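Trainee: I have a structure here, written as structure tokens, and I will follow up with some questions on it.
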Amino acid sequence: MKKILLSGIQPTGRAHIGNYFGAMKQFVELQNSLKYQCYFMIADYHGLNFVQNAEEMKDNISNLALDYVAIGLDSEKSVIFKQSDVPAHTELAWIFDTITTMPYLTRAHAFKDAELKNKEISVGTFNYPMLMAADILLYNTDIVPVGQDQKQHIEIARDTAEKFNRIFGETFKIPEALIIKNVAVVPGTDGRKMSKSYGNTIPLFAEDQEIEKCVMSIVTDSGSGLPENVYNIHKLFRPEAELIKIYADKAGKYKALKDILIEDIKTFISPIRERRNQLEKNKDSISEILKKGGEKAKSKTETKLLEIKKKIGVY
Ligand code: TYM
């Protein structure tokens, strides 16, 4: 029996190279290793906390599905689906709500951040980790490839599985996060974590001009040492052994270094962007992938949900 892998991305805007190197690249590699039964999800109900406009949501979902296929996810090898097509996710999230305390969830980083910024927090944002625990635990998942920012969510999923098992008897497998150390936190153009909410991203399918603009906006310090922010992004695209030499030869020449980075990013992006453009001409086939994936995921969760319902006594 193959081990089970599940991961997901929220359809909240354009995917960026932080998503790619932190998570999506691993999705493709692990899928192609053929060692896992893979589930790749579009976390649209999570995304609803941020995108509350039907047209925008629809576009984001179909764009993310296109991204998945363009980078090499393959519906013959993996189940590619959207969360909202599988009602068991929200159903299980509710069950988890009932065994989880409010003080426990107030320790979640995302909640604490929102609170610190004095933002109004929706119940959906507060409960976000419960839905994510349901996503993961429903499939008896063994590993969850993600970036560092999701680590706590996976710990919450583990705690929730253990708690449920304690109360109702052995039901859930305890999943492991898979986080690759040197890409756990991909920096953005300002040196902070690359994030849509910071406006410091380089889109994964950026056009050439956009790549130039993003790279030119990378913040460089005024000294003559290593331009760290440029270097830290550059090392995603070229082996460090080569980079060290280039950065020594062109020490202090920030414009020249940025030009090399622009070329390296263009070389990386252009083939996948081309593939994506081709796929976009046949959007129906992408909808079909999601539809079939949703059906597969749904049938997979039905047995598990039944087992859970028996355990809690509602069956
Ligand atoms: P999301 O949509 O914020 O991000 C998708 C993936 O990209 C990773 N990532 C990064 N990795 C390294 N450096 C960065 N700068 C960077 N920015 C983003 C994230 O860690 C993530 O792996 N809650 C999840 C979506 C989700 C999910 C799940 C994931 C819902 N259910 C179940 C796994 C399993 C999220 O918001 O990811």
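The values are calculated or read from the model by the stated rules, or taken from the named source; none is laboratory data. This structure is a prediction, so every number in the text was calculated from the model and none was measured. Glycine gets a Cβ as well: all are built from the backbone with ideal geometry, and neighbour counts include every protein chain shown. Heavy atoms of the whole protein, side chains included, go into the accessibility calculation; ligands, DNA and RNA do not. Shrake-Rupley method; radii C 1.70, N 1.55, O 1.52, S 1.80 Å.
Trainee: Please indicate, with yes or no, whether at least one residue in segment 73-86 is out of contact with any strand residue (DSSP E or B) (no Cβ under 9 Å at 6 or more places or on another chain), open to solvent by less than 20 Å² (accessible area, probe 1.4 Å) and within 14 Å of the ligand (Cβ to nearest atom).
Mentor: The answer is no, given that none of the residues of segment 73-86 is out of contact with any strand residue (DSSP E or B) (no Cβ under 9 Å at 6 or more places or on another chain), open to solvent by less than 20 Å² (accessible area, probe 1.4 Å) and within 14 Å of the ligand (Cβ to nearest atom).
Trainee: Hey, can you tell me all the residues within segment 192-204 that are free of Cβ contacts under 8 Å to residues at least 24 places away in the same chain and in a loop (DSSP other than H, G, I, E, B)?
Mentor: Answer for segment 192-204, where residues must be free of Cβ contacts under 8 Å to residues at least 24 places away in the same chain and in a loop (DSSP other than H, G, I, E, B): R192, G199, N200.
Trainee: Something else about it: Looking only at segment 224-236, count how many residues are open to solvent by 40 Å² or more (accessible area, probe 1.4 Å) and in a loop (DSSP other than H, G, I, E, B).
Mentor: Residues in segment 224-236 being open to solvent by 40 Å² or more (accessible area, probe 1.4 Å) and in a loop (DSSP other than H, G, I, E, B): 4 in total.
Trainee: Would you mention how many residues in segment 34-62 are over 16 Å from the mean Cα position of the chain (by Cα) and either crowded, with 21+ Cβ neighbours inside 10 Å or under 23 Å from I211 (Cα atoms) (or both)?
Mentor: Final tally of qualifying residues: 1.
Trainee: Report whether or not F96 is more than 17 Å from G47 (Cβ to Cβ), assigned by TED's automatic domain parsing to the domain that holds G22, surrounded by 14 or more Cβ atoms within 10 Å (Cβ to Cβ) and not small (G, A, S).
Mentor: yes
Trainee: Further question on the same structure: Looking at segment 137-145, is at least one residue part of a helix (DSSP H, G or I), surrounded by fewer than 16 Cβ atoms within 10 Å (Cβ to Cβ), within 15 Å of the ligand (Cβ to nearest atom) and over 14 Å from the mean Cα position of the chain (by Cα)?
Mentor: For segment 137-145, residues part of a helix (DSSP H, G or I), surrounded by fewer than 16 Cβ atoms within 10 Å (Cβ to Cβ), within 15 Å of the ligand (Cβ to nearest atom) and over 14 Å from the mean Cα position of the chain (by Cα): absent.
Trainee: Moving on to the next point. Condition first: more than 13 Å from the ligand (Cβ to nearest atom), assigned to a loop (DSSP other than H, G, I, E, B) and assigned by TED's automatic domain parsing to the domain that holds Y20. Can you find one or more residues in segment 244-252 that meet it?
Mentor: Looking through segment 244-252, none of the residues is more than 13 Å from the ligand (Cβ to nearest atom), assigned to a loop (DSSP other than H, G, I, E, B) and assigned by TED's automatic domain parsing to the domain that holds Y20.
Trainee: In segment 119-136, what residues are of a type in the set (D, E, K, R) and buried (at least 24 other Cβ atoms within 10 Å of the Cβ)?
Mentor: Selection gives D135 alone.
Trainee: For segment 271-290, name all the residues that are assigned to a helix (DSSP H, G or I) and either hydrophobic (A, V, I, L, M, F, W, C) or free of Cβ contacts under 8 Å to residues at least 24 places away in the same chain (or both).
Mentor: Passing the criteria: P271, I272, E274, N277, Q278, L279, D284, S285, I286, E288, I289, L290.
Trainee: Does any residue of segment 102-118 turn out to be near the ligand (Cβ under 10 Å from one of its atoms), over 24 Å from E176 (Cα atoms) and part of a helix (DSSP H, G or I)?
Mentor: Within segment 102-118, not a single residue is near the ligand (Cβ under 10 Å from one of its atoms), over 24 Å from E176 (Cα atoms) and part of a helix (DSSP H, G or I).
Trainee: Among the residues of segment 7-33, write down those that are part of a helix (DSSP H, G or I), farther than 17 Å from K77 by Cβ and open to solvent by less than 20 Å² (accessible area, probe 1.4 Å).
Mentor: Selection gives I17, G18, F21, G22, A23.
Yes/no per residue for (1) under 19 Å from L138 (Cβ atoms); (2) out of contact with any helix residue (DSSP H, G or I) (no Cβ under 9 Å at 6 or more places or on another chain):
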{"residue": "P271", "(1), (2)": "no, yes"}
{"residue": "K281", "(1), (2)": "no, yes"}
{"residue": "S287", "(1), (2)": "no, no"}
{"residue": "K291", "(1), (2)": "no, no"}
{"residue": "K296", "(1), (2)": "yes, yes"}
{"residue": "S299", "(1), (2)": "yes, yes"}
{"residue": "I308", "(1), (2)": "yes, no"}
{"residue": "Y315", "(1), (2)": "yes, no"}
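Trainee: Only residues that are closer than 17 Å to G22 by Cβ, outside any strand (DSSP E or B) and out of contact with any Pro (no Cβ under 6 Å at 6 or more places or on another chain): list them for segment 151-186, please.
Mentor: K151, Q152, I154, I179, I180, K181, N182, V183, A184, V185, V186 - these are the residues of segment 151-186 that are closer than 17 Å to G22 by Cβ, outside any strand (DSSP E or B) and out of contact with any Pro (no Cβ under 6 Å at 6 or more places or on another chain).
Trainee: Output the residue which, of all residues in segment 165-189 that are open to solvent by 50 Å² or more (accessible area, probe 1.4 Å) and over 21 Å from the mean Cα position of the chain (by Cα), is nearest to I154 (Cα to Cα).
Mentor: In this case the residue turns out to be K173.
Trainee: Test D67 against the stated conditions and say whether it is within 13 Å of the ligand (Cβ to nearest atom), of a type in the set (D, E, K, R), under 23 Å from F126 (Cβ atoms) and out of contact with any Gly (no Cβ under 8 Å at 6 or more places or on another chain).
Mentor: Judged against the criteria, D67 is not a match.
Trainee: Considering (1) within 18 Å of R14 (Cα to Cα); (2) in contact (Cβ under 8 Å) with a residue 40 or more places away in the chain; (3) not in a loop (DSSP other than H, G, I, E, B), say which one T189 fails and leave the rest.
Mentor: (3)
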